[in-house]
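Note sheet for the following structure.
Each reported figure results from applying straightforward, stated rules to the coordinates on display, with no laboratory input. Values in this document were obtained by computation on a predicted structure and should not be read as measured data. Note that we place each Cβ from the backbone using ideal geometry, even for glycine, and neighbour counts take in every protein chain shown.
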Amino acid sequence: MKAVLMDAFGSVDVLKVGEAPKPVPAEGQVLVKVMATSINRPDLVQREGKYPPPAGDSEILGLEVAGVIEELGAGVSGWQVGERVMTLVGGGGYAEFAVAYASHLMKIPESMSFEEAACVCESYITAFLNVFMIGEFKDGQTAILHGGGGGVNTAAVQLSRALTPASKLIVTASAAKLERVKELGANFLINFQETPDFTEVVKEYTGKKGVDLILDHVGAKYLAPNMNSLGYKGRLVIIGVVSGIKAELNLALMMVKRQQIIGSVLRSRPVAEKGDIVAEFTRRALPKFADRTIVPIIEKVFTIDQVAEAHRMMEEDKHFGKIVLRIQ
């Protein structure tokens, strides 16, 4: 099969399109003919040699796919060859065929294209897991969502607007993306380039109460302002550490305000646990995609032969929403 391969770790120049063995579905898995996948930041980190796939998963890049079921593995029921599906994968998305666990599949609504469906599983499920399942975000509460126009952050804004319409959303973004984030539904915007310590503006906006939830991928640099911006019993969910992994923490403040710091990843969770997350997402969020309340935001669709250009766009951080890779 055609696939994106790497003979070394490094820059976008290591990405080459070549031939790889077609995978075979194991028990409980299906083989998906991949029509489209998307570029996610962990793909760039893996390309650089810093984020190996979980044991047993494909070394090929790609964490989500949209396509058609090609073959059912042993023990799979409830699915048929030819069904349009989207799914998380532990790896292997940048290829003509990928294997996925049947418990991780979702039917693609008739209203969605393959390119749109390729945007859903990694970013929207990550946002849903961390904002609603782990972060326990409720309607009427206030959240800070870091990440401006990135895939997970735009997904978090859209999901919050659809599932908690009375919530208040504070979003940090670069100057170039502030207006688009506002159009997406943010209530209050912070230009992180001008205001790296957002503590005071958050206190002013919330009447010194602080926020109920913060979704953060920045890490060390933001730990202090994040904790200072959290209110009583507030929850900080950390899903990335792009600014570093070590920072000082005021434990007394955390104790007095009964705050929580929660670390979270999706890729390395057990198969059954990811299945439960997908089931909850299917129940609560997928209907919002089917009726077009939520429409995935696509910056650009590249072909598989343009994979290096797609990675370069993400590295330059000029995109808003998702970058899609059309496979077939």
Loop by DSSP (not H, G, I, E, B), at most 16 other beta-carbon atoms within 10 Å: where is the longest site-free stretch of the chain for chymotrypsin sites (Phe, Trp or Tyr not before Pro)? 80-328
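May I ask you to sort V12, V76 by Cβ crowding, counting other Cβ atoms within 10 Å and putting the fewest first? Walk me through the intermediate numbers first.
On the way: V12 16, V76 19.
The most exposed by this proxy come first: V12, V76.
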Row for segment 124-263, column shape: gyration tensor on C-alpha, a ≥ b ≥ c, rounded if a/c < 1.5 i.e. under 1.5, prolate if a/b over b/c, else oblate; value rounded
Using the number of other C-beta atoms within 10 angstrom as an exposure proxy, rank M86, M6, M255 with the fewest first. M255, M6, M86
Of the residues S174, T87, A20, the Cα lying farthest along the dipole of the chain towards its positive end, which is defined by charges on the beta carbon of Lys, Arg, Asp and Glu, belongs to S174
Top of G75, G231, G90 by mean-square fluctuation, Gaussian network on the chain, Cα under 10 Å: G75
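Only counting other Cβ atoms within 10 Å, I'd like S103, S77, S229 sorted with the fewest neighbours first. Before the final figure, lay out the partial values.
On the way: S103 17, S77 7, S229 24.
Exposure proxy ranking, most exposed first: S77, S103, S229.
Under 10 Å from the Cβ of G151, count the other residues' Cβ atoms, weight Lys and Arg +1, Asp and Glu -1, and hand me the total. Don't skip to the end; give the middle numbers.
Values: positive: R41, K322; negative: E122, E299.
Net local charge, G151 excluded: 0.
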Please go through segment 138-194 and write out the GluC sites (Glu not before Pro) that DSSP classes as loop and that have at most 15 other C-beta atoms within 10 Å. E194
